[in-house]
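Every number here is computed from the coordinates shown, using simple stated rules; none is lab data. In this text, all values refer to a predicted model and were calculated from it rather than measured experimentally. Using ideal geometry, Cβ is built from the backbone for each residue, glycine included, and neighbour counts are taken over all protein chains shown.
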Amino acid sequence: MSHADAAAGPATLAGALTAIADAENAAIYGYARRGPSLAASADRTVARGYYDVHRAQLQAVTGWIETYAGSAASVPPPAAVYSADGQAATATPADTLAGLEEATAATYADAVALATGALQRAAALALQGAAIREAHWRGQAVAFPGLVGRLPT
Amino acid sequence: MRDPSPQATLSRRGLLRLLGGSIVVGLGSLAGCRPDAHPKPSASPHVPPGKDSAAATASRGPSASDVVVARVAGDERALIAAYDDAMSAHPGLASRLAALRADHADHLDGLLPGAAASLAASPAPPPLPGTPTTCCTASTMPGSALTPSGPASSSAALASVTAHLASLEHSAAAARVDDLAASPGSLARVLASIGGCEASHEALLRAMT
């Protein structure tokens, strides 16, 4: 996919939806890889639940792409490996998972900006879910989930 | 206190740029907090085509997005007042609630620059006609009418307060979703983000007790 301006987001709804699928694939990979490294048993249990949520979200967005993007886009396959770009080498598993949630929230925010009707509402609710999970891993909320660090400079 | 990481907060200027200058200038004059009532129409050519064309109509009076922003700002003020009441009635909760209150001040400032700073100095302006707030009336705060009841609030009282705040946050998050249809795209993105924050507040509050 093309990577549009990071602050402005993708230019088309099809681009926004494929970006969600990419982010959900990255989150699934990240939870599988880093979730088991969480120190607390309770957190590992939470992470397994969140992993399942991301699998379900990938299914949902696959349906959105088929319904709303038509021939303009196809569901991107998962990559074999996702880099931990932007992550410090010392990032804890919780830091990594919080960053993945912020990244997925950002793609839902972009879809909200471009969609209307039921799809727009569904994307906003998905953003809320990502924000809840992000706050869980950070131990605190962020004021603008999905918009963190996306400012024009 | 919150982690002051530069990644953790959105600067006001950045939010203004995300929203698009002409929307916010129109709102500023609407709210009476910007004396310069002559926004340059030349701000509009930079607005991308599409849903944001609503911004171009801002100079003709309150646009649909003006009304939405006024309503959201009213909700944010009501939430801030609810946190103030809770922190006043239960000082033991203040340190945990302060960060959540600060997020709402950030939301309010992002929508109406400078509004949060003036909260303590003056009462909130009356809402626009036809824009009742959609949530968050603070007058029913449990415990806000408590007599000074002793050195420590009971755990039941604390649970009642956090449950009440969680309910307000839940209503606010739902209202932000309802606001989207009347909002141009760049504003919708910000409102969805604010709703996400409010949903996360609800979860954090429910985990406090």
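Computed values, structure above
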| quantity | calculated |
| --- | --- |
| Using a Förster distance of 35 Å, the FRET efficiency for A:A72-A:S37 (Cβ separation, nearest 0.05) | 0.35 |
| Packing-based exposure ordering (other Cβ within 10 Å, fewest first) of A:V142, A:V46 | A:V46, A:V142 |
| Label point distance in nm, B:A159-B:M208, each placed 7 Å from Cα along Cα→Cβ | 1.5 |
| 10 Å-binned pair-distance histogram of the range A:19-153 (Cα, whole percent) | 12, 44, 34, 10, 1 |
| Two-site label geometry, A:Q59 and A:A80: point separation in nm, points 7 Å out along Cα→Cβ | 2.8 |
| FRET E, pair A:D52, B:S118, Förster distance 41 Å, beta-carbon r, rounded to 0.05 | 0.35 |
| Two-site label geometry, A:A91 and B:S167: point separation in nm, points 7 Å out along Cα→Cβ | 4.0 |
| Alpha carbon centroid spacing (whole Å) that separates the range A:24-56 from the range A:106-125 | 24 |
| Residue-wise HN-Hα coupling along the range A:142-149, computed from phi with Karplus coefficients 6.51, -1.76, 1.60 (Hz; x: Gly, Pro) | 10, 5, 10, x, x, 10, 5, x |
| Most mobile listed residue (A:A141, A:A16, A:A115) in chain A, GNM with C-alpha springs under 10 Å | A:A141 |
| Nearest 10 degrees, 0 to 90: helix A:13-34 Cα axis against chain A principal axis | 20 |
| Exposure proxy order (Cβ contacts within 10 Å, fewest to most) of A:T67, B:T162, A:T92, A:T104 | A:T67, A:T92, B:T162, A:T104 |
| Computed [θ] at 222 nm, deg cm²/dmol, chain A (DSSP H ≥ 4; -39,500 (n - 2.57); rounded to nearest 500) | -20500 deg cm²/dmol |
